[in-house]
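No value in this document is a laboratory result; all are computed from the given coordinates. What you see is a predicted model; the values in this text were computed from it and never measured. Ideal geometry is used to build each Cβ from the backbone, glycine not excepted, and the neighbour counts take in all protein chains shown.
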Amino acid sequence: MRFPTPYTLGQIATIIGCEYVGPEEFPVLGMNEIHVVQKGEIVFVDHPKYYDKALNSRASIILINKDVDCPEGKALLLSDDPFRDFNKISRFFRPFEKCATLISNSAKIGKDTVIQPNVFLGNNVSIGNGCLIHSNVSIYDNCVIGDNVIIHSGSVLGSDAFYFKNRPDGFDKLLSCGRVVLEDNVEIGSLCTIDKGVTGDTTIKKGTKLDNQVHVGHDTVIGEKCLIASQTGIAGCVIIEDEVTLWGQVGTNSGITIGKKAVIMGQTGVTKSVEGGKSYFGTPIEESREKLKQLAYVKQIPSILKKLEE
């Protein structure tokens, strides 16, 4: 997420009440998670496993809970609890805004778009031309919908990321201040749930079609002309390249990539990144031909055991 105007390192340190390493006037342009962070932005890290990754990322400002050498050309924000202070920054730049009407006054609706009864459009929602939004759809603040998009009843766009820190007194929520972006000619089935990015965008690109009851996690990017069948669950920070097919009840791990034109057969658990142009099946995932051969061999075990007993 980029800030409305550039801030300084000193100003951000004042907002969260922490010390810093670097020039007071060091420019701060925004904040983001480590997998999408850009130059000029803040990233937070609170676990030794990820210190080096954060310090060597594209982030210009690292919000960290360890006294470390500051990389050249970067700055540090020193915090005893980076998770908490990242949330403070989120609240400052994108606080929750109550909406008192079903369709916010700040929502923008394009030409020839049809909004059926009982649709909720939050603050700063943008919907393009020629769309059809069926009844009881909820589109949270700041979501962006392209042209000729269809969203069926009961779907929710922009719900919070499923991202928590386990503390002694319970789970602490990482606030979500990103968006959901649907490009042109996307269709979303009934009762789908698409989480917004923590600080960036959850994106579904041109021409992709989702069946009913599909879940898409935060910051995931789904490519063009994908087909995703019912009861599929896609975790956060997944990259699905163009023309991928996911059949029913597929589930994925977070942070993986599914290559272009891959086909994932029903009830497969995508436990790792897979190449494009191939068909996959099973849990753990393997190329479907190999997996089906293995299942055929398993069926032969009883007869093999019987022969051994004889």
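Tabulated results
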item: Sorted peptide list for 205-216, 162-173, criterion being average Cβ within 10 angstrom, highest first; result: 205-216, 162-173
item: For the range 45-50, 3J(HN,Hα) per residue [Karplus equation, 6.51 cos²θ - 1.76 cosθ + 1.60, θ = phi - 60°, Hz, x = Gly/Pro]; result: 8, 9, 9, x, 4, 10
item: Over the chain, relative contact order from alpha-carbon pairs under 8 Å, at least 6 apart, %; result: 8 percent
item: For the range 34-50 and the range 241-310, distance of Cα centres in Å; result: 34 Å
item: Bridge type composition, the range 2-93 - antiparallel percent by DSSP, nearest 5; result: 40 percent
item: Listed peptides 246-256, 21-31 by packing density, highest first (mean Cβ within 10 Å); result: 246-256, 21-31
item: Nearest-ten-degree value, helix 82-93 long axis tilted from longest Cα axis of the chain; result: 70 degrees
item: C-alpha long axis of helix 288-299 to longest principal axis of the chain, angle in °; result: 50 degrees
item: Residues in the range 57-97 that a label on E19 would reach, taking backbone N under 14 Å of a point 7 Å out along Cα→Cβ; result: 64-70, 76-81
item: Order by protection proxy (mean Cβ within 10 Å, highest first), peptides 295-304, 189-198; result: 189-198, 295-304
item: Label corresponding to semi-axes √(5λ) of the Cα gyration tensor in Å when calculated from the structure given, among (i) 38, 29, 16; (ii) 31, 27, 16; (iii) 26, 23, 21; result: (i)
